[in-house]
Amino acid sequence: MKLLKIPIIFTIAILFSILLTACAAKPTVDPNQKMTEIASTVQAQLTQSAALIPTATQTLPPPTATPTMTPVPATNTPTGTGPTATKITFPTQPASSTDDSKFIADVTIPDGTSMKAGEQFIKTWRFQNTGKTTWTTDYAIQYLEGNLEGRNGVLTFNLTQNVPPGEFVDVSVLFTAPTQAGTYSSYWKLLSSRGYYFGDPVSVNIVVGVPTSTVPPLTATPSSTP
């Protein structure tokens, strides 16, 4: 009976030794250390998650271009009013023509004559027929250029008589002085029955309400035969 108890006691001692060894091999976990590890793990996961989430970048619209106002160059606006200067280019006299004239004198209204505003007058020039053709009443004197046209805007005045070669004739044009003060003038020339100009050009020049001035030069340029 005593011999049986000894192996049992020995066996229990061995088992207890094994249990103590196992307990010694497995160290006791510190709770504070465990919480610190858990917190570190959670923080690492949050950091990784934050790195994976794209950061929303606010994209601003491009600035709107402000139009630059370009200054408009100033336009020189004529001041004052008055008659508009009309200019007629006259056809060239053909080489075969035998028409010609010579200006002799101003019979009435010398250049620079002072006139009242709106006054009506008759300008008369004296010509000599220096050509070889008789001028008929189909011949005329016609406006060339200037700011003084015939009365009521008429630009052509026919001769009132026939003029043989070598003879003299007085040719008249009716005018009305403008109502605005200033110097007014125009050029005129004889016109054949065939529609071309010939001879010397003549002028009329008046002054309305201002001092006397000279007649501007003729600028009309002959054009081709119509």
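Bear in mind these aren't lab numbers, they're just calculated from the coordinates by the rules spelled out. On a predicted model such as this, the values are computed, not experimentally measured, just so you know. Cβ: placed from backbone, ideal geometry, glycine included. Neighbour counts: every protein chain shown.
A few notes on this one:
- Other-chain or far-sequence residues with amide H under 5 Å of Ser114's (modelled H): Val207
- Built amide H within the under 5 Å cut-off of Leu191, gap 5+: Ala140, Ile141, Gln142
- Residues of the range 157-175 with amide N under 13 Å of the 7 Å Cα→Cβ point at Thr130: 166-167
- Contact order relative to length of the range 102-208, as percent, for alpha carbon pairs under 8 angstrom and 6 or more apart: 37
- In order along the range 186-197, the Karplus-derived 3J(HN,Hα) couplings, from 6.51 cos²θ - 1.76 cosθ + 1.60 at θ = phi - 60°, round to 7, 10, 9, 8, 5, 10, 6, 5, 8, x, 10, 8 Hz, and Gly and Pro are given as x.
- In Hz, Karplus ³J(HN,Hα) per residue of the range 153-170 (6.51, -1.76, 1.60; θ = phi - 60°; x = Gly, Pro): x, 6, 10, 9, 10, 6, 5, 9, 7, 7, 10, x, x, x, 8, 10, 8, 9
- A Förster radius of 45 Å, combined with the Cβ-Cβ distance separating Asp138 from Ala181, puts the computed FRET efficiency at roughly 0.70.
- Hits among aspartates and glutamates - C-alpha to C-alpha of Lys189 under 16 Å, sequence gap 8 or more where chains match: Asp99, Asp100, Asp106, Asp138, Glu145, Glu149, Asp170, Asp200
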